[in-house]
Structure formats: C-alpha cells, structure tokens
Amino acid sequence: MTTRGRDEEHRTATPLELFFDLCFVVAVAQAGGQLVHALAEAHTGHGVQGYLMMFFAIWWAWMNFTWFASAYDTDDVLFRGVTLIQIAGVLVFAAGIPRAFDSGDFRVIWFGYLVMRLAMVAQWLRAGLSTTGPERRTALRYAAGVSTCQVGWLGLVLLPDHAKPWLFLGMAVCEMAVPVWAERGHPTGWHPHHIAERYGLFTIIVLGETVSAATVAVQSAVDEHRSPFTLLPIAGGGLLIIFAAYWIYFAVPIHLHLISNRQAFLWGYGHYLVFGSAAAVGAGIEVAIEQVTGKAHLSTFAASGTVTVATALFMFTVWLIHSRHQKRGRLQQAVLPTSAVLVLACTFAGRWAVLAAGAVAAATVVVGVTLTARGGTALTAEDDRNATAGA
C-alpha cells in the first residue's frame, strides 16, 4: 500500500466510498431525530449539546476514512474488507445514539467507535509497513494517535455525567491535533480534486437526509388529518432553503484552493459546521411542523429559530471556509453574510418565518448568479487548466 499521487488524473470517488457515505447517513438521521425530540420538548440546551457531540463523532469518523482513502485507496480485497468493518462500526454507533442522548449511556457508542477506529488503525499500520522513511513515520503516528484517542474516549463510559461534556471537548481537540502532528514533516498524498468531490458528495447526502426528514414530518401531519394548507408555508420555505443550500455550496470550485495542509485542514475542519448546520435544517423543519400541529411544546418564535439559525449558520460558514476564496469584489463577498443576517431576521415573521427564510435563500441564489455573470469569479477556466497542468 503506497501513497497515490496528488497529480493523478481522473481521481474520483469510488463505489465503495459512496456506499460508505450512505451508511453514515443512518447515524446522521439518528442524531437529527434526537435533536428534533429534544427541541420539541423545549430541552434546547440538552438537545443542542447532545447533537453537537454526536455529530462531531460522526463527522470525525467520516473524515478519518475520507482523507486516508484519498491518499492510500488501493481498492483491493483487504482494503474493501477493512472498510466494510468500519461500516459495521458506524451502524453500531448509530444504534447507540438514542441511549446516549436520553440517559448519557455511551457504552454502545463507544463500542461502535472502537470497531471503526481499530479498522482505521489497521489501515494506517498497513500503510506504515508498506512504506519507508518519513512516509512510514507519518502512517505510524496516525496509528498511534488514533489508538491513544480511542482509549481517551473510554472516559465517556467511566466518568460521571457532569464530566462527560468537558471530556468530550478535550478529546475533540486531541483528535483534531492528531493529523497536524502526524503530518508534520511529511504530508500524506491526499488528492485535492478527490477531497473536494468527497466533501461535495457528503453535502448532497446530508441535504438528501434533510429532505427525507422534512417529507416524513409533512406526511405524518397529513396522515393525522391536518390541513395540508397550514403546512405549505413551512414545506415550501424549507424546500427553497434546501435547494438554495445545494446551489450555494456548489456555486464555486474549491479544489484549487487546497494547495497545502494548512488550507486543506482549515477547510476540512470547518465542514463540521457546514455538515452539522445542513442536517440541522431538516431537524428544524420537523420542529416547525410539529409546532404548527400542536405536538411541540415551544413558541412559534422558538420553532422558527430552529430553522433560521441553522440556515444562517450554513450560509455564513459556507462563505467563510468555501465560497469567499473564489469571490470577486465587495458585492460578491457581501452576499452570503448579508443573507445570513436577513435569514435570522425572518425569525420574527411568525408562522411565515420559514417561507420568508426560503425567499431570502432563493433571492441569495439569484443575486449571486447575477453578480457572477457580470463580474465572474476569482477562478477561471484558464486558471483551472494552468493549475492542472502545473500540479
């Protein structure tokens, strides 16, 4: 198992990687569902904290595999087998999310994570045994760092409940420090175009889960003989938000920005908020529907905020880590931050808040497309060809 070249042509996501992503959406759905229940019962603090913890664990396990596969994917029998073991760990992890949310019992989650991480360590050890010099040192550092962190996560099983959030915060910092430490001196051979595609595909999958969650919520309300017309503002606004989120994320190419570990790590780590907020939009739409149908124990303002805050966070973080690198001029740069503020203001629109936020999101796309058509972006087709030729 040797590293793949960063200048490799036609480097695209494999069917195994797509299958891996689709299995991860089960865990995303579980975390989103628990967030809905907590917010609907007005347990906002508990729900947000639990969601942030669960989503970090999901996102980080996905990150570990994605960056490794970009550098070392051999797609042979052993690689596929170990990856399928990781998928089994994901499913165990997903099964433990409700118990962790409801009672702080992390035993099932920790075991699922153990299965995933042991498989990941085996991949890194294989890479280390197949290479020499600095490349071997990097691989063995990854194996050691991941193993050590997994032992640290055992505190979620052993420590009292009040200490678990603080342990989680500390362990999250340690986890994110492992790649920085491991790749010091010799970075792995991740492929910029492949990484950008993998993140884009996972964004699509998360948005797809958001559509699914919203659809189930509408269907449930209609099945209970609620008037569908009372749900139209939420359903229509939610759909506009999701469509706009897709358009906004894929409006500009990003792979040419990923020229070193510094840019790539900041961009990759920032996607915790991008993915998390995208999934939270679906949860917010569910909460808004439950509030209208009398199932949620919170005000219209609070229910609206579950959608608008997640949408505004998505817009701002996509601009901060993604879009701004390819925008020209102050007007293009100001579109997404301004839209995020306007979406937050829609929270005060009462039962029309979600529809108003959807209208702002749609207008954001229209304005962005118009400005781009007039002024272009920082990346042109010629730039792309030159950069590819010089990679």
Given a Förster radius of 35 Å and the C-beta distance between D76 and F250 as r, what FRET efficiency does 1/(1 + (r/R0)^6) yield to the nearest 0.05?
0.60
Distance (nanometres) between label positions extended 7 Å along Cα→Cβ at V216 and H46
2.1 nm
Can you give the FRET efficiency for F243 and R99, using 1/(1 + (r/R0)^6), R0 = 30 Å, r = Cβ-Cβ distance, to the nearest 0.05?
0.30
Paired Rg and Dmax values of segment 234-366, which use every Cα atom, in angstrom:
15.3, 51
For 246-255, 25-34, ranked highest to lowest by mean beta-carbon neighbours within 10 Å, the order is 25-34, 246-255
Where the centre of each part is set by its Cα atoms, how far does segment 90-157 sit from segment 175-241, in angstrom?
24 Å
Viscosity 1.002 mPa s, temperature 20 °C: give me the Stokes-Einstein translational D for segment 287-359 in µm²/s, with Rh taken as the Kirkwood radius over C-alpha pairs.
165 µm²/s
Using the Kirkwood radius over C-alpha pairs as Rh, can you work out the diffusion coefficient of segment 1-116 via Stokes-Einstein at 37 °C, viscosity 0.692 mPa s, in µm² per second?
215 µm²/s
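Given the DSSP H assignment, sum -39500 (n - 2.57) over each helix run of at least 4 residues in the chain and divide by its residue total; what's the result at 222 nm in deg cm²/dmol, nearest 500? Numbers along the way, then the final one.
Details: 14 runs with 306 residues, N = 391.
About -27500 deg cm²/dmol.
Using per-residue counts of other Cβ atoms within 10 Å, averaged over each peptide, order 53-65, 229-241 from highest down. Numbers along the way, then the final one.
Details: 53-65: 22.7, 229-241: 20.5.
The densest-packed peptide leads the list: 53-65, 229-241.
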Need one number: nm distance between label points at A163 and R324, each 7 Å from Cα along Cα→Cβ, rounded to one decimal.
4.0 nm
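State which helices in the chain qualify, where a helix is a whole DSSP H run, it must extend 24 Å or more along its own axis by its Cα atoms, and its mean Kyte-Doolittle hydropathy must be at least -1.0.
Details: long enough: 15-40 (38 Å, 1.39); 44-72 (41 Å, 0.58); 77-103 (40 Å, 1.37); 107-130 (34 Å, 0.94); 133-152 (29 Å, -0.34); 164-182 (27 Å, 1.15); 192-223 (46 Å, 0.68); 228-249 (30 Å, 1.62); 261-292 (47 Å, 0.57); 300-321 (32 Å, 1.66); 329-345 (25 Å, 1.07); 353-375 (32 Å, 1.71).
Result, helices passing both filters: 15-40, 44-72, 77-103, 107-130, 133-152, 164-182, 192-223, 228-249, 261-292, 300-321, 329-345, 353-375.
Where a number appears in this text, it was derived from the coordinates with a stated rule and is not lab data. On a predicted model such as this, the values are computed, not experimentally measured, just so you know. Here Cβ is always computed from backbone atoms with ideal geometry, including for glycine, and neighbour counts include all displayed protein chains.
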